[in-house]
Each structure stands twice: as structure tokens, then as C-alpha cells.
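Asks: Before we start, here is the structure in question, set down as C-alpha cells.
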């Protein structure tokens, strides 16, 4: 119930404006968001690199409504790629198709995506096409598959709470498309998505094992210690190298576990979001874990 409420609030314009104008809320958001500027994301990323943790930079923002806004975001992504290349940052890029204009025109979106991927190719930087709500799942996978035909360093995200996800994982493995596996953070109906944590976890583990056995350097993106233990046991029992995949976690969450996995010799990448459009992202993070909600509420009540 609480999760559904928070996810609904993430789409509420009046509540969003209230939070965006609240200085304490903005300060609390820094637990999960590196900052509003690319330079602030760079500072956070460099600090993580010093701990032998790689980074996925994510410019927050989605569902742009005009061609010009989509082209502006495309240039922002290209600037991030240039920054990674010029600073020798151990980082790649995560992008959202609705930020590139998918709601405006698919042709516009793919044109902008090609510009980013071409730039990434010049610098040999991997670009991950992020997954959004289920209305975009099919189009996102189609676009990722088409992009893979032209650019080697591109992949996408699969959400285990959708019934379709295991078939999607198998299809992407057949094409050697890199996959970042997550549980899913959007509000989806029972007709297309598992509603119980146990079912989501089971689906996650099934897809995870396929990716570890067959995937092209998959990203196991989770903070769930039991699932992480199962992943470690699976690769050990099947002779899979620790260099064949990576764990991923979110900025500001389970730093202790990030450091522990690095010490054990696993690849670790932290998803570092930045940008002015941080409100929906923060609300989804609070919906995922009660501890995140308590952190924000504690700051608001101080």
C-alpha cells in the first residue's frame, strides 16, 4: 500500500512542486542523487573510482514533449560522454529513450540515439538504454536490438517483475545484447507484472542465472543480499569467472555491501544519477526500500 502511494506521488505534479521547492527535501535527495550538475556527478564518480568502483552516469529526466528539448538532452548526454573520455573516468552512460523524444516521434528518438551511440563509439564507451514503464518495454527492446546491429557497445535493461522478462532475456542473449537486470520500480498492473516480492525475486533469479551462464557481460543490479549470495554461489559452482559480469547498485544505497563485494574481487558499478529532474527518481527509491523513506523523513523532521 505504501509503495503504491509513493509511486502515485511520483507522478503527482502538485506534490512534486512542493518537494522541489523544499530546501530540506532537496538536501535529503543528495543521499540518492549526486547533484544537479554534470560537474557534481563527476566529483561523485571520481570518489567512487578511488574505491575501485566503476560508474554508470545517468542524467535524470524523461518524457520530454518537444523536439528541441529532446535535442538538448541529446547534447547533454554527448557532453557526459566527452567528460568521461577526457577525464579517463571509469564510467559508462545510461540513457532514457523518452528523454530523447520517443513520445514525440520514434524517428526523432532513434536519430538522437544514433548521435549518442556514434559519439560513444568514438570514445569506446558503453551506452545502456534504460527501461521505463511497461508502455515502453517492447519499443525499448526493439530499438536496442536494432542499435546492436550497428554499435557493439550498447545494451538495455530488463525488469524481472514483468511476466515477459525471461523470454526477453533469452532473446537478448541470443543476440549478445548486454543486459542490466533489475527488479523494476514502476507501478504495473497484475495483468502484466508480478505483485508479490517472492514472485519478483524468483523471476529475477531465473533470469539472472540465464544471464550469468549465457549473457554478454551482464549487470546484476540488486541490493538484495540473498540474491547476491545466490549469484556468487552460481558462478562458483559453474566455473564462471568474476570478470564475466558485474554487480550494480544505486548511488547512496548499501555502500557497505558495495565495498564488501569489491574486496571479494567482484566487479562493482554504481549508478550515479544527476540533474534537476530528481523528484520522480527519489520517490521510486523510497518506494523500493522503507529505509530510504525513513532517511528522508528523518531529515525533513530535523
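The values are calculated or read from the model by the stated rules, or taken from the named source; none is laboratory data. Since we're looking at a predicted model, the values are computed, not measured. Virtual Cβ from ideal backbone geometry, glycine too; neighbours counted across all protein chains shown.
Asks: Would you point out which residue out of 259, 243 is closer than 27 Å to residue 45 by Cα, in a helix (DSSP H, G or I) and in contact (Cβ under 8 Å) with a residue 60 or more places away in the chain? Walk me through how you get there before you give the answer.
Replies: On the way: 243 fails: in contact (Cβ under 8 Å) with a residue 60 or more places away in the chain.
Unique residue meeting the criteria: 259.
Asks: Suppose we keep only residues that are assigned to a helix (DSSP H, G or I) and within 20 Å of the chain's Cα centre (by Cα) within the range 64-74. Which one would you say is nearest to residue 123 (Cα to Cα)? First the steps, then the outcome.
Replies: The first filter runs over the range 64-74 and keeps only residues assigned to a helix (DSSP H, G or I), leaving 67-74.
Filter again for within 20 Å of the chain's Cα centre (by Cα), leaving 70, 73-74.
Numbers: 70: 22, 73: 19, 74: 16 Å.
Ranking the qualifying residues of the range 64-74, first place goes to 74.
Asks: Restricted to the range 181-226, and to residues that are assigned to a strand (DSSP E or B) and farther than 19 Å from residue 143 by Cβ, which residue is nearest to the chain's Cα centre (by Cα)? If you could, list the steps in order and put the result at the bottom.
Replies: Keep residues of the range 181-226 that are assigned to a strand (DSSP E or B), which gives 181-182, 193, 219-221.
Filter once more, so that each one left must be farther than 19 Å from residue 143 by Cβ: 193, 220-221.
Numbers: 193: 19, 220: 11, 221: 8 Å.
Among those that are assigned to a strand (DSSP E or B) and farther than 19 Å from residue 143 by Cβ, it is 221.
Asks: Just name the residue that is farthest from the chain's Cα centre (by Cα) out of those in the range 151-180 that are surrounded by fewer than 17 Cβ atoms within 10 Å (Cβ to Cβ) and in a helix (DSSP H, G or I).
Replies: Going through the qualifying residues, I end up with 174.
Asks: Quick one: which of 226, 199 is farther than 22 Å from residue 170 by Cβ, surrounded by fewer than 19 Cβ atoms within 10 Å (Cβ to Cβ) and out of contact with any helix residue (DSSP H, G or I) (no Cβ under 7 Å at 6 or more places or on another chain)? Don't jump to the end; show me each part of the working.
Replies: Numbers: 199 fails: farther than 22 Å from residue 170 by Cβ.
Only one candidate qualifies: 226.
Asks: For residue 138, are the conditions met, namely being farther than 19 Å from residue 58 by Cβ, in a helix (DSSP H, G or I), in contact with a helix residue (DSSP H, G or I) (Cβ under 9 Å, 6 or more places away or on another chain) and free of Cβ contacts under 8 Å to residues at least 24 places away in the same chain?
Replies: Working: farther than 19 Å from residue 58 by Cβ: yes; in a helix (DSSP H, G or I): yes; in contact with a helix residue (DSSP H, G or I) (Cβ under 9 Å, 6 or more places away or on another chain): no; free of Cβ contacts under 8 Å to residues at least 24 places away in the same chain: yes.
No: the conditions fail for residue 138.
Residue by residue, here is whether (1) in contact with a strand residue (DSSP E or B) (Cβ under 7 Å, 6 or more places away or on another chain); (2) assigned by TED's automatic domain parsing to the domain that holds residue 57; (3) free of Cβ contacts under 8 Å to residues at least 12 places away in the same chain holds:
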residue	(1), (2), (3)
212	no, yes, no
215	yes, yes, no
224	no, yes, no
230	no, yes, no
234	no, yes, no
255	no, yes, yes
268	yes, yes, no
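Asks: Further question on the same structure: Just to check your reading of the model, which residue among 79, 134 is within 22 Å of residue 282 (Cβ to Cβ) and surrounded by fewer than 21 Cβ atoms within 10 Å (Cβ to Cβ)? Write out each step before concluding.
Replies: Details: 79 fails: within 22 Å of residue 282 (Cβ to Cβ).
134 is the lone residue from the list that is within 22 Å of residue 282 (Cβ to Cβ) and surrounded by fewer than 21 Cβ atoms within 10 Å (Cβ to Cβ).
Asks: Can we say residue 265 is out of contact with any helix residue (DSSP H, G or I) (no Cβ under 7 Å at 6 or more places or on another chain) and assigned to a loop (DSSP other than H, G, I, E, B)? It would help to see each step written out before you state the result.
Replies: Numbers: out of contact with any helix residue (DSSP H, G or I) (no Cβ under 7 Å at 6 or more places or on another chain): no; assigned to a loop (DSSP other than H, G, I, E, B): yes.
No: the conditions fail for residue 265.
Asks: Within the range 89-108, how many residues are under 19 Å from the mean Cα position of the chain (by Cα) and either buried (at least 18 other Cβ atoms within 10 Å of the Cβ) or not assigned by TED's automatic domain parsing to the domain that holds residue 269 (or both)? Please lay out each step first, then the result.
Replies: Restricting attention to the range 89-108, the residues satisfying the condition of being under 19 Å from the mean Cα position of the chain (by Cα) are 89-102.
From what's left, either buried (at least 18 other Cβ atoms within 10 Å of the Cβ) or not assigned by TED's automatic domain parsing to the domain that holds residue 269 (or both): 89, 91-102.
The number of residues fulfilling the criteria is 13.
Asks: Would you be able to say whether some residue in the range 101-117 is under 22 Å from residue 259 (Cα atoms) and outside any helix (DSSP H, G or I)? Working first, answer last.
Replies: Taking the range 101-117 first, the residues under 22 Å from residue 259 (Cα atoms) are none.
There is no residue in the range 101-117 that is under 22 Å from residue 259 (Cα atoms) and outside any helix (DSSP H, G or I).
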